[in-house]
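Data block below; observations after.
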Amino acid sequence: MEDFPITEAQILGLFLESVFWGIYLITFFLCLRSLLFTPNYELKRFSEINWPMLVVTLLMCVLATLDVAVGLLHNIQAFVLYNGPGGPTQEFSNISDWINVVKGFDIILQTILGDGMLIFRCWVVYGKSWLVVAFSLLLYLGSGVCGAMILRIEGTLRLHVLITGASSIKPLILSFWVLTIVQNILTSALLIFRIWRVDQQNTQFVYGGTGSSDKKRQSQLRRVIRVILESGLLYTTMAFLSFVTFAVNSNSTYGVSDVHVQMVGITFNLIIFRADRRAVEEQTMMKGATATLHLQVLQGPTSSGTMMSGELSEGDGYGPSYGKA
């Protein structure tokens, strides 16, 4: 856009992404604390570490850090090293330059990872039912196809044009963001609904009654709902802003999409860390009642929706044991 030159957009984008990268690193180390150490700060045994979750966490960190590093290199090349005609604008507008392709790859892969883990959580919480997540998977596959096509066209376009002016890939980018937003809203809603139902059933089955002491007691499942809701709002808001800024052909989409890369990792880490912290608090308070609770569940009528809050938090993706179910 004329009122927001690409040069200013790139500088502002690098600054904002660096700020959020710093926030991301804080959440990253908190997440590692939950994945690698016990509540007593002892290193977990090899068999106790959730390796799939750890691999995803590290991969997201690599992508988040790579995006900042490549963005810094791009600014150095444009403002310091490039001496050709057109100045920094010409350097930034080379859409098929490897730096632009790598940044696009970071955005797409980070988004795909975050969406995939969200769907996996939903799949596990619903008893590994493919039917429940079928539409979410369809949207997910659609966004993956759009992402692959975007990278292919961007890498072979060989034109000096900004991403906002590349008409050949604009429909694909808009489709990618729409599919991502809809899939996140749908899957998060399914997750929250399922956990809410389990919490309602557990409240009636385990605690019984609705006395004042029960009303004051906030179960871990309700805390998990709040974590999912807050993280989902952060994630979806950034995806929506990326969609809007690109749809109106604003160069601010560069900065917004850069922040989006960091926000995916931040929300992912926060879910693990906060759920793990709440699980430790809940287990401490309920330590004396665990054996009785298990006995009641075994002797009572079976229900597909009744489970312990601790089991849901650790076995279904909301604690360090996520992925072992």
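What follows draws every value from the coordinates through simple rules; no lab data is involved. This is a predicted model, so every value here is computed, not measured. For neighbour counting, all protein chains shown are included, and Cβ atoms are generated from backbone atoms with ideal geometry for every residue, glycine included.
Using the Cβ atoms and a cut-off under 10 Å, what net charge is assigned to the surroundings of I107, where Lys and Arg are +1 and Asp and Glu are -1?
Working: positive: K103; negative: D67, D106, D258.
Result for the local shell: -2.
Taking the Cα centre of region 21-127 as origin and charging only Cβ (+1 Lys, Arg; -1 Asp, Glu), how large is the dipole, in debye to the nearest 20?
Details: 5 positive and 7 negative charges, 70 e Å.
With Lys and Arg at +1 and Asp and Glu at -1, about 340 debye.
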(message) Within 14 Å, Cβ to Cβ, of A78, how many net charges do the neighbouring residues add up to if Lys/Arg are +1 and Asp/Glu are -1?
(response) -2
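Could you line up S136, S242, S93 from fewest to most neighbouring Cβ atoms inside 10 Å?
Working: S136 21, S242 26, S93 18.
Lowest to highest Cβ neighbour count: S93, S136, S242.
Of M238, M149, M60, how do they rank once you tally other Cβ atoms within 10 Å and put the fewest first? All intermediate terms of the calculation are to be shown ahead of the outcome.
On the way: M238 22, M149 16, M60 25.
Starting with the residue having the fewest Cβ neighbours, the order is M149, M238, M60.
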(message) Tell me which chymotrypsin sites (Phe, Trp or Tyr not before Pro) from region 97-134 have a DSSP coil assignment and no more than 11 other beta carbons within 10 Å of their own.
(response) W130
(request) Return C61, C146 ranked ascending by Cβ neighbour count within 10 Å, so the fewest neighbours appear first. (result) C61, C146
(request) Can you list which of the trypsin sites (Lys or Arg not before Pro) found in region 1-75 are DSSP loop residues with at most 11 other C-beta atoms within 10 Å? (result) R45
